[in-house]
Amino acid sequence: MPGMPPTDMPSDTSAMGPGAVVVTARTAPGAQPGAPTDLELDLTDGSTGAVVDDLTIHDDALIHLAVIGPDGQLAHVHPVRTAPGRYVVLVQPATGGRYGVFAEMERAGDGGHQVARTAFDVAGPAAPVTPAAPGAGVRQVAGMDAEVTAPPAVAGRPTRVSVAFTRDGGAPVTDLQGWLGMAGHLMLLGPGLRGVPDPADPASAFGHVHDMSAAGPAGTYGPQVGFDYTFPRAGRYALWVQVQRDWQIVTVPVTVDVAAAAAPTP
């Protein structure tokens with residue numbers, strides 16, 4: 001609502017063990033849809049309350065941040081450190097409503113790889129979710145045809161999701177650039193309590209998978225990227241495949257419906 005105070009919502013710490021990072025997200029006062037705003041993150045240790053300032057670089061960044069809006073759009077950004085335990089990144093919310101924030105990081109020593117989640121609100125009504133095209137098929141993105149291949153998925157079994165890029169009537173795209181040290185990224189959000197992805201619902205599991213294929217002779221990739229993932233449970237998943245071309249990040253949204261595994265025969 002107009003004049004609402006900045007959002008300050010810590011992530012759930014109820015299941016945290018020693019060394020787990022708690023992230024608090026805060027936007028500038030009066031953040032509005034369509035306008036750039038700073039998103040500030042404060043990191044503390046869930047067991048001690050101390051400021052967390054021992055992050056190490058992994059995959060070319062200190063924090064990989066996925067910001068997923070109530071309209072189902074994803075931004076994959078990398079905050080910069082501005083003070084001990086404090087990071088800032090510029091975001092541009094497309095709609096009002098609650099945004100899910102998923103921060104991937106690695107701590108030095110025994111802290112290991114962690115994903116911390118939190119949320120922030122933007123004033124105004126939330127736009128309706130526009131689901132991505134389901135499963136296999138061709139999408140037009142950034143002047144290319146992106147053909148998605150996704151076999152029927154069953155919970156608990158590995159599934160390979162592939163995207164082949166062509167342009168100009170079918171010419172293979174072989175000039176994809178490496179991004180953050182790899183050919184491509186797949187980010188995904190699982191079903192919440194209502195059976196569909198919900199970035200503000202802690203029941204919606206978050207995942208991040210890489211295509212680690214070697215670059216071609218010219219140092220580029222393509223026309224295909226692929227990702228292997230085992231969906232943990234049945235329901236609808238939102239996927240975002242990301243590659244880089246012409247120094248621009250290209251995102252291919254996909255919806256995958258995962259079937260329950262058959263019950264074992266007595």
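Observations on the structure shown:
- Note on the range 161-195: residues that are out of contact with any Ser or Thr (no Cβ under 6 Å at 6 or more places or on another chain) and within 26 Å of GLY100 (Cβ to Cβ) amount to 15.
- Residue in the range 202-213 that is surrounded by the most Cβ atoms within 10 Å (Cβ to Cβ), counting only those that are free of Cβ contacts under 8 Å to residues at least 60 places away in the same chain and within 15 Å of ALA66 (Cβ to Cβ): GLY207
- Failed item in (1) more than 22 Å from GLY100 (Cα to Cα); (2) open to solvent by 10 Å² or more (accessible area, probe 1.4 Å), with VAL148 passing the rest: (2)
- Counting the residues of the range 102-117 that are open to solvent by 30 Å² or more (accessible area, probe 1.4 Å) and either basic (Lys, Arg) or in contact with a His (Cβ under 6 Å, 6 or more places away or on another chain) (or both) gives 3.
- Residues located in the range 216-237, provided they are aliphatic (A, V, I, L, M) and either at pLDDT 95 or above or closer than 22 Å to ALA262 by Cα (or both): VAL225, ALA234
- The range 214-225, subset in contact (Cβ under 8 Å) with a residue 24 or more places away in the chain and more than 13 Å from ALA164 (Cβ to Cβ), residue most open to solvent (accessible area, probe 1.4 Å): ALA218
- Condition check for PRO202: touching a Lys or Arg at 6+ places or on another chain (Cβ under 9 Å), closer than 22 Å to VAL77 by Cβ and in a strand (DSSP E or B): no
- When the criteria are applied in full, ARG86 fails the requirement of being in contact with a Phe, Trp or Tyr (Cβ under 6 Å, 6 or more places away or on another chain) and either open to solvent by 40 Å² or more (accessible area, probe 1.4 Å) or hydroxyl-bearing (Ser, Thr, Tyr) (or both).
- Among the residues of the range 151-165, those identified as of a type outside the set (Val, Ile, Thr), surrounded by 12 or more Cβ atoms within 10 Å (Cβ to Cβ) and not in a loop (DSSP other than H, G, I, E, B) are ALA153, ARG160, SER162, ALA164, PHE165.
- Residues that are among the β-branched types (Val, Ile, Thr), within 18 Å of GLY181 (Cβ to Cβ) and open to solvent by 50 Å² or more (accessible area, probe 1.4 Å) within the range 57-82 comprise just one, ILE57.
- Close Cβ contacts (under 7 Å, 6 or more residues apart or on different chains) running from residues in the range 53-69 that are at positive phi to residues that are of a type outside the set (Val, Ile, Thr) comprise ASP59/LEU180; ASP59/GLY181; ASP60/LEU180; ASP60/GLY181.
- Options ASP175, ASP228, ASP168; residue that is open to solvent by 40 Å² or more (accessible area, probe 1.4 Å), over 28 Å from ASP71 (Cβ atoms) and free of Cβ contacts under 8 Å to residues at least 12 places away in the same chain: ASP168
- Residue check for GLN92: open to solvent by 70 Å² or more (accessible area, probe 1.4 Å) and either modelled with pLDDT of 95 or more or under 16 Å from the mean Cα position of the chain (by Cα) (or both): yes
The values are calculated or read from the model by the stated rules, or taken from the named source; none is laboratory data. If you're wondering where the values come from, they're calculated on a predicted model, not measured in any experiment. So basically every Cβ, Gly included, is an ideal-geometry build from the backbone, and we count neighbours across all protein chains shown. Remember, those area values only see protein heavy atoms, side chains included, never the ligands or the DNA or RNA. Shrake-Rupley method; radii C 1.70, N 1.55, O 1.52, S 1.80 Å.
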